[in-house]
1. Calculate the spin-label point distance for T24 paired with K60, positioning each point 7 Å from the Cα along the beta-carbon direction, and give it in nanometres.
2. Lysines within cross-link reach of K72: Cα-Cα under 20 Å, excluding same-chain residues under 8 positions apart?
3. Per residue, how much accessible area does segment 30-78 have with a 1.4 Å probe, in Å²?
4. Can you tally the net charge around R45? Count Lys and Arg as +1, Asp and Glu as -1, for every other residue whose Cβ sits under 13 Å from the Cβ of R45.
Amino acid sequence: MRPCDFTYSYLLPKKQPIFLCEETLTRSCRRCGAIYTSKSRARKRCDACRVIAACEQQQKANARLKARRAAKQAWPRG
């Protein structure tokens, strides 16, 4: 084994996890401003707004798919 292939990563100090699963955070919804508690740092909306946002995203995705299919059918075949 060449010396450049060997790394000393096992000597480095271990990193702490980004968040603890037991930790609960009090957050403010970015959509309606309601205060809610969550264990996730990634969530930015309350439960009600998450459902609404998911529906809106699905509608946009369906519209993009319909537009792509329509463009594909309108393209001249030859």
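1. Here the modelled spin labels are 3.2 nm apart.
2. Qualifying lysines at Cα under 20 Å: K60.
3. Roughly 90 Å² per residue, with all protein chains present.
4. Numbers: positive: R27, R30, R31, R43, K44, R50; negative: D47, E56.
Summing Lys and Arg as +1 and Asp and Glu as -1 gives +4.
The values are calculated or read from the model by the stated rules, or taken from the named source; none is laboratory data. All figures in this text were calculated on a predicted structure; none of them were measured in a lab. All Cβ positions, glycine included, derive from the backbone under ideal geometry; neighbour counts span all protein chains shown. The protein model used for the area step is the full one, side chains on, heavy atoms only, and it has no ligands, DNA or RNA in it. Shrake-Rupley method; radii C 1.70, N 1.55, O 1.52, S 1.80 Å.
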